[in-house]
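Asker: Shown below is the structure under consideration.
Only the coordinates and a few stated rules stand behind these numbers; no lab work does. Being a predicted model, the structure only gives us computed values, none of them experimental. Here Cβ is always computed from backbone atoms with ideal geometry, including for glycine, and neighbour counts include all displayed protein chains.
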Amino acid sequence: MSKKYHVSLTVNGDEYECLAEPQMTLLDVLRDELKLTGTKEGCATGDCGACSVMVDGRLTCSCLVLAPEAEGRSVETIEGMAKDGELHPLQQKFLEMNGLQCGICTPGILVAAKALLDRKPDADEMEIRYWLAGNLCRCTGYDKIIRAVMAAGEEMKGA
Amino acid sequence: MPDLRFEAPGSLADAVKLLVAAEGPARVLAGGTDVVVQMEMDMIEPALLVDIKRIPDMGRIVQEEGGFRIGAAASGMEICEHEALCAAWPGIIDGVKLIGSVQVKGRATITGNLCNASPGADSVPPMVTAGALAHVVGPNGERDVPVEQIPTSPGKTSLGKGELIESFKLPARPKNSGDAYMRFTPRTEMDIAVVGVAVNLTLDEAGVCTAARVALGAVAPTVLLVPECADALIGTKVDDAALAKLAAAASAACQPIDDKRGTKEFRIEGTGVLARRVAQKAYERARANA
Ligand code: FES
Ligand code: FES
């Protein structure tokens, strides 16, 4: 057994601590240690984007970050997206416009789309499609996802 | 599962010490987009990981002596967001942009792309044509190594035990210079190069090419710097005759394998076709860069 590492990190503004083996990933820490299961595992190899989170303000696959690397980092996950019970415009538009079916890709897509719209709410369809190229969806065929992100961008621009 | 030790030293000297003292297989960890995946897939079982991201300045991108210095831990996204770097070396940016998704580039580094030593690594051909030097630090001191001399065969590098890349130096850019990189893949995004070509050119005031470097990716065990391709362009205005010579020289230099992504014949012909397009793009950029 490898030595365990003490990891303290901030998730959605709250401080957490845990003990983790060095082979564990940030995704494992979030899901298994902190019980924040909104972030999903699709592939565990950086290919599907289901595990997307923000680490120190950077969109990242949490399956590619080892637990000890997360020491002292600030992480944002899907659990932090709705504020005071109010859905984020992206979440609202995904609901209204059928941006999901089974939903397993959805948390990752929402986190990734928010990372884009936060700095570029007027991103056009092409930019959105390229930006989300690392988020795979087995169900929707993507079109409704893209429309929902564009609609959310419209709303965020107005806000 | 064997024991794994994780260290995140605060200085380069400590990183070197850890690597030198390592008893089992040791890996330097930067973005982890290859190392963590290879661990997950049981392709490697390191006994020691040395995370270099806590070493001060490892992620820096600064202008230096008219060129740039890129720290080993700078992520692909940080590189793509650096305006002056994008303006000076658009061909390198072409390559970096193709490394995986936004979330992968948020972590992946050009250092890892180089040291993973895949012949298809997208950032390597344009780094080679740029004449980039890797600043290598190790137990026996420091040295500058042309990037094309780092990979020696698929998965292998010329770095000795305890050595690691601290940064890259990109030279000052003469005016009327331009570079470009393109690859062929069956899909537009999230794919691995079947063929990749980078060209870096400098022109005189009349638009005649005075210096050129051409590198080919994914068509040999390592990225190839091909002087015959450069010779086809130097002294020309990159006209049809020069492009035809370039394409022939590029195809002739390929030593590709057959694999699921492409046959030998396809790669040889594709390299010639792509070399023409990339040279034209580099030429346009050099003309625009007066
Ligand atoms: S689970 Fe991380 S990218 Fe698929
Ligand atoms: S909604 Fe099922 S994978 Fe996207």
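Asker: To the nearest 10 degrees, how steeply does helix B:240-253 sit against the main Cα axis of chain B, on a 0 to 90 scale?
Answerer: Its long axis makes an angle of about 40 degrees.
Asker: In addition: From the residues A:THR77, A:GLY46, A:ASN12, which one has its Cα farthest along the dipole of the stretch A:5-80 in the positive direction, the dipole being from +1 and -1 charges on Cβ of Lys/Arg and Asp/Glu about the Cα centre?
Answerer: Farthest towards the positive end: A:GLY46.
Asker: Could you calculate the FRET efficiency of B:ALA211 with B:ASP191 from 1/(1 + (r/R0)^6), where r is the beta carbon distance between them and R0 is 35 Å, rounded to 0.05? Could you put the intermediate results ahead of the total?
Answerer: Working: r = 32 Å, r/R0 = 0.91.
Working from the Cβ atoms, E equals 0.65.
Asker: Hey, can you grab everything whose amide H is under 5 Å from the amide H of B:LEU29? Only 5+ residues off in sequence or another chain; H modelled, so Pro and N-termini drop out.
Answerer: B:VAL50, B:ASP51, B:ILE52
Asker: Using each residue's phi in the stretch B:119-124, evaluate 6.51 cos²θ - 1.76 cosθ + 1.60 at θ = phi - 60° and report the 3J(HN,Hα) Karplus result to the nearest Hz, with x for Gly and Pro.
Answerer: Each residue of the stretch B:119-124 in turn: x, x, 4, 6, 7, 6 Hz.
Asker: While we're on this one: Short version: ³J(HN,Hα) in whole Hz for each residue of the stretch B:91-103, in order, from phi by Karplus 6.51 cos²θ - 1.76 cosθ + 1.60 (θ = phi - 60°), x for Gly and Pro, what are they?
Answerer: Going residue by residue, I get x, 5, 5, 3, x, 5, 4, 8, 7, x, 7, 4, 6 Hz, with x marking Gly and Pro.
Asker: Provide a whole-number value for the mean count of partner chain Cβ atoms within 10 Å of the Cβ atoms in peptide B:104-112.
Answerer: The per-residue average across the peptide is 4.
Asker: Show me the ranking of peptides B:113-121, B:258-266, B:149-157 by mean Cβ neighbours inside 10 Å, starting with the highest. List each step's numbers first, then the result.
Answerer: Details: B:113-121: 22.7, B:258-266: 13.2, B:149-157: 16.3.
Most protected by this proxy first, the peptides run B:113-121, B:149-157, B:258-266.
Asker: Distances longer than 38 Å among the Cα atoms of the protein assembly as shown: what percent of all pairs is that? If you can, show how the numbers build up before the last one.
Answerer: Values: 26414 of 100576 pairs.
Result: 26 percent of Cα pairs exceed 38 Å.
Asker: A further question on this structure: Pick out, from B:ALA198, B:SER158, B:GLY138, the residue whose Cα sits farthest towards the positive end of the charge dipole of chain B, with +1 on the Cβ of Lys and Arg and -1 on the Cβ of Asp and Glu.
Answerer: Towards the positive end, the residue furthest out is B:ALA198.
Asker: Picking from B:GLU142, B:GLU64, B:GLU205, which is most flexible by a Gaussian network model of chain B using Cα springs under 10 Å?
Answerer: Looking only at B:GLU142, B:GLU64, B:GLU205, the largest GNM fluctuation is found for B:GLU205.
Asker: Let me ask something else about it. What is the packing order of peptides A:83-89, B:230-236, taking the mean over residues of other C-beta atoms within 10 Å and listing the highest first? Please report the intermediate quantities before stating the final value.
Answerer: Details: A:83-89: 11.4, B:230-236: 19.3.
Descending packing order for the listed peptides: B:230-236, A:83-89.
Asker: Additional query: Considering amide H positions built from the backbone, and no H for Pro or chain starts, which residues 5 or more places from B:VAL195, or on another chain, come under 5 Å of its amide H?
Answerer: Residues meeting the criterion, in which the H sits 1.01 Å from N, are B:PHE184.
Asker: Starting from one equal scatterer on each C-alpha and no solvent at all, send me the Debye-based log10 I(q)/I(0) for the stretch B:61-170 at q = 0.22, 0.23, 0.24 Å⁻¹, two decimals.
Answerer: For the stretch B:61-170, the Cα-only Debye profile gives -1.26, -1.37, -1.48.
Asker: Still on this model: Just B:ALA206, B:ALA253, B:ALA172 to compare: in a GNM of chain B, with alpha carbon springs under 10 Å, which one fluctuates most?
Answerer: Judging by the Gaussian network model, the answer is B:ALA206.
Asker: Add +1 for every Lys or Arg and -1 for every Asp or Glu among the other residues with Cβ under 11 Å from the Cβ of B:ASN140, and state the total.
Answerer: Details: positive: B:ARG143, B:LYS161; negative: B:GLU142, B:GLU163.
Value of the local net charge: 0.
Asker: Separate question: Given +1 on the Cβ of Lys and Arg, -1 on the Cβ of Asp and Glu, and no further charges, what dipole in debye does the protein assembly as shown carry about its Cα centre, rounded to the nearest 20?
Answerer: On the way: 47 positive and 61 negative charges, 176 e Å.
Once rounded to the nearest 20, the dipole reads 840 debye.
Asker: Name the residue, out of B:VAL50, B:VAL102, B:VAL128, whose mean-square fluctuation peaks in a Gaussian network model built on chain B with Cα pairs under 10 Å.
Answerer: B:VAL102
Asker: About the Cα centre of the stretch B:61-170, how large is the charge dipole given +1 on each Lys and Arg Cβ and -1 on each Asp and Glu Cβ? Please answer in debye to the nearest 20.
Answerer: Numbers: 8 positive and 12 negative charges, 72 e Å.
Here the stretch B:61-170 has a charge dipole of around 340 debye.
Asker: If you plug each phi of the stretch A:13-26 into the Karplus form 6.51 cos²θ - 1.76 cosθ + 1.60 with θ = phi - 60°, what whole-Hz ³J(HN,Hα) values come out, in order, with x for Gly and Pro?
Answerer: Computed from phi, the couplings for the stretch A:13-26 are x, 9, 8, 10, 9, 7, 9, 9, 6, x, 6, 5, 9, 4 Hz.
Asker: Can you tell me the FRET efficiency between A:CYS102 and B:GLU228 if r is taken as the Cβ-Cβ distance and R0 is 45 Å, rounded to the nearest 0.05? Don't skip to the answer; put the middle values down first.
Answerer: Working: r = 54 Å, r/R0 = 1.20.
So, using R0 = 45 Å, E works out to roughly 0.25.
Asker: So how strong a dipole does chain A carry about its Cα centre when Lys and Arg Cβ are +1 and Asp and Glu Cβ are -1, to the nearest 20 debye?
Answerer: Working: 17 positive and 25 negative charges, 67 e Å.
Magnitude of the dipole: close to 320 debye.
Asker: Quick one: which residues, 5+ away or cross-chain, put their amide H under 5 Å from the amide H of A:LEU66? H built at 1.01 Å from N.
Answerer: A:LEU26
Asker: Summing Lys, Arg as +1 and Asp, Glu as -1, what charge do residues with Cβ under 9 Å from the Cβ of B:LYS169 carry, B:LYS169 excluded?
Answerer: Working: positive: B:ARG69; negative: B:GLU64, B:GLU65, B:ASP144.
Value of the local net charge: -2.
Asker: Using a simple spin-label model with points 7 Å from Cα along the Cα→Cβ vector, what separation in nm is obtained for A:THR37 and A:LYS157?
Answerer: 3.9
Asker: Separate question: Cβ neighbours within 10 Å, averaged per peptide: list B:186-199, A:112-125 in order, most packed at the top.
Answerer: Values: B:186-199: 21.1, A:112-125: 17.2.
Listed from highest to lowest mean packing, they are B:186-199, A:112-125.
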